[in-house]
Amino acid sequence: MPPEPEGLAVADPPVHEAAPPDPVEETVLALTRVWSDVRLYPVTHPVIAERLAEAQTLLESALDGRPALTIKNVDGDLVYGARRLFRSRPRPAGLIAALNRLSIGCVTLTRGATAEELSSLCRALAEDSGDLSDSAAVRRYLEEHAAQHVEVDGLMLRPDDEPAEQLPVMQLYDSTMDVARQVMQSARLGQRMDVAGAQSVTSKMVAEMTQHPSTALGLASLRGHDEYTFAHSVHAALLCLAFGDFLGMNEEELTHLGTAAMLHDVGKAAVPIEVLRKPAKLSEVEWDQMTRHPWQGALMLLEYENLPPIVPLVAFEHHIGCSYSGYPKVAHRRELSLPSLIVSLADVYDALTTHRPYRPPLSPDQAVAEIMKMADTQLDPRLVGWFRDMLGVYPPGTCVVLSSGELAVVCQTNHDQPERPEVVIVTDAAGAPLQRPSDADLAATGDGRPGRTIVRAVPAVEAGLDPFQVMAAWVERHHLPAKT
Ligand SMILES: [Fe+2]
């Protein structure tokens, strides 16, 4: 019998050339259609019911296991997490104008939102009577209509000392995603891959890290990406950059490592999609197809003369495993390259913390515990230990309960005091969400009194939190462009 299917393998990008529909954008567009139609038809009209059913279905798909979906209205841009929506298609200008008219900066849709609740939201946004003049009035309207799964908040004001344009690192993150997406699409279509683009965005990320060392780990902790290989590869690359920096690599070494991580799975372009996405055990034939992707990737990358030799080598070695128990099987064992061992580790960690159709994502601290079990067999034990040291007791993205009773998300590790990382507090002691989450350094002593401590980590689902949203906002606040 073949071994177990590659449990940590990630799904790959679609075979068609166009990008797949974005479920969050699709949900916004469906709500826009409802919003538009409730201004034309009575609420009982069949077309409204049809539109609402469509919006509800798309919302469930966009939630993808998360407890809530928050869409921000930032200066007329709709933003989900770290991502600006409608970058490559027309934005719903009418709906955005309605949000601006009512000074709404944030709409949160929670899992379980009914058609009636979505209808209430759209009717409130479409209300032109003058009764609803601002976000507070809309909130009251929603409360009166028992729409507890729908929330709106006012426009988020930027502190005076922050520049209006504060998303350059997010633009770099988006560019990196775009390059990775194009690379995988080209690989599938047998076209020339933009490997120079992959090197370029990696180099820019390394340069960003010289100004803000925590950039890569902060971005790698964003847990909203989909299941496509390109997104997984980007996150694996970010983890590698953070870890390489932690290990003391120089800029050139980091750029080579990051590029290798970005391109390590291009061989999956040669594996049938139904095999990559199969949630059950692979047949012998399918397993054979899957286990070819390392050397197929290496062969593809060897076509590019300007790539550092380590890049195809990492593609070839990333599943061999430190005890050679993985694949492909090699006739003559020799020491695996350090970048290959690092990419293997980042590959596994990111896969564990990613949502799959057949299992929820592990929290960062759970994923660290899992990779500890793989030390010696699959993963290099020294690297696993150092990786754990880098992430700390509570890795970025972990939801924690504080001694004060407040709920928080860890955003930055404190290597001197691992039990006291920097966090963003998101609820009060009674569990009520804060209107404006606040940053807290648990190592700071302030007025000399003992500060808050972490009582325990808690799964995001149990906490009813989307750490991705919190992390994205934190990265935006803390990674402003370097002053030139
Ligand atoms: Fe792989």
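Looking across region 266-297 at every residue that is over 27 Å from the mean Cα position of the chain (by Cα) and within 16 Å of the ligand (Cβ to nearest atom), the one that is modelled with the lowest pLDDT is identified as Leu282. For first residues located in region 308-319 and closer than 18 Å to His332 by Cβ, partners that are assigned to a loop (DSSP other than H, G, I, E, B) and within 14 Å of the ligand (Cβ to nearest atom) and lie 6+ apart or on another chain with Cβ distances below 6 Å form the pairs His319/Gly326; His319/Tyr327.
On inspection, Val423 does not qualify as in contact with a helix residue (DSSP H, G or I) (Cβ under 8 Å, 6 or more places away or on another chain) and more than 24 Å from His264 (Cβ to Cβ).
Only residues that are over 30 Å from Pro459 (Cα atoms) and buried (at least 20 other Cβ atoms within 10 Å of the Cβ) were counted in region 315-371, giving 8.
Examine region 449-459 for a residue that is under 26 Å from Ala346 (Cβ atoms) and either at pLDDT below 85 or assigned to a loop (DSSP other than H, G, I, E, B) (or both), and state whether such a residue exists. Yes: one or more hits. Within region 182-199, is even one residue within 16 Å of the ligand (Cβ to nearest atom), of a type in the set (Val, Ile, Thr), in a helix (DSSP H, G or I) and farther than 21 Å from Leu345 by Cβ? Within region 182-199, one or more residues are within 16 Å of the ligand (Cβ to nearest atom), of a type in the set (Val, Ile, Thr), in a helix (DSSP H, G or I) and farther than 21 Å from Leu345 by Cβ. Of the set (1) over 29 Å from the mean Cα position of the chain (by Cα); (2) surrounded by fewer than 16 Cβ atoms within 10 Å (Cβ to Cβ); (3) of a type outside the set (A, V, I, L, M, F, W, C), all apply to Arg87 but (1). State which residue is modelled with the lowest pLDDT when the search covers only region 48-67 and only residues that are over 13 Å from Ala115 (Cα atoms) and either surrounded by fewer than 20 Cβ atoms within 10 Å (Cβ to Cβ) or among the β-branched types (Val, Ile, Thr) (or both). Applying the filter and picking the extreme gives Gly65.
Once region 4-37 is narrowed to residues that are in a loop (DSSP other than H, G, I, E, B), surrounded by 15 or more Cβ atoms within 10 Å (Cβ to Cβ) and among the acidic types (Asp, Glu), the residue that is modelled with the highest pLDDT is Asp22.
Inspection of region 74-94 identifies at least one residue that is free of Cβ contacts under 8 Å to residues at least 40 places away in the same chain and part of a helix (DSSP H, G or I). Within region 100-155, restricting attention to residues that are small (Gly, Ala, Ser) and in a strand (DSSP E or B), the residue that is surrounded by the fewest Cβ atoms within 10 Å (Cβ to Cβ) is Gly154.
Of all the listed residues (Glu419, Glu406), the sole one being more than 19 Å from Leu362 (Cα to Cα), touching a residue at least 24 places away in the same chain (Cβ under 8 Å), surrounded by fewer than 20 Cβ atoms within 10 Å (Cβ to Cβ) and not aromatic (Phe, Trp, Tyr) is Glu419. Residues in region 233-255 that are buried (at least 22 other Cβ atoms within 10 Å of the Cβ) and more than 16 Å from the ligand (Cβ to nearest atom): Leu238, Leu241, Ala242, Phe243, Gly244, Asp245, Leu254, Thr255. Being more than 15 Å from the ligand (Cβ to nearest atom) and surrounded by 14 or more Cβ atoms within 10 Å (Cβ to Cβ) narrows it down to one residue among Gly385, Gly392; which is it? Of Gly385, Gly392, the one residue that is more than 15 Å from the ligand (Cβ to nearest atom) and surrounded by 14 or more Cβ atoms within 10 Å (Cβ to Cβ) is Gly392. Against the conditions (1) polar (S, T, N, Q); (2) within 14 Å of the ligand (Cβ to nearest atom); (3) free of Cβ contacts under 8 Å to residues at least 60 places away in the same chain, Thr354 satisfies every one except (3). Looking only at residues in region 300-314 that are buried (at least 17 other Cβ atoms within 10 Å of the Cβ) and outside any loop (DSSP other than H, G, I, E, B), the one that is farthest from the ligand (Cβ to nearest atom) is Ile310.
The values are calculated or read from the model by the stated rules, or taken from the named source; none is laboratory data. Bear in mind the structure is a predicted one, so any value in this text is a computation, not a measurement. For neighbour counting, all protein chains shown are included, and Cβ atoms are generated from backbone atoms with ideal geometry for every residue, glycine included.
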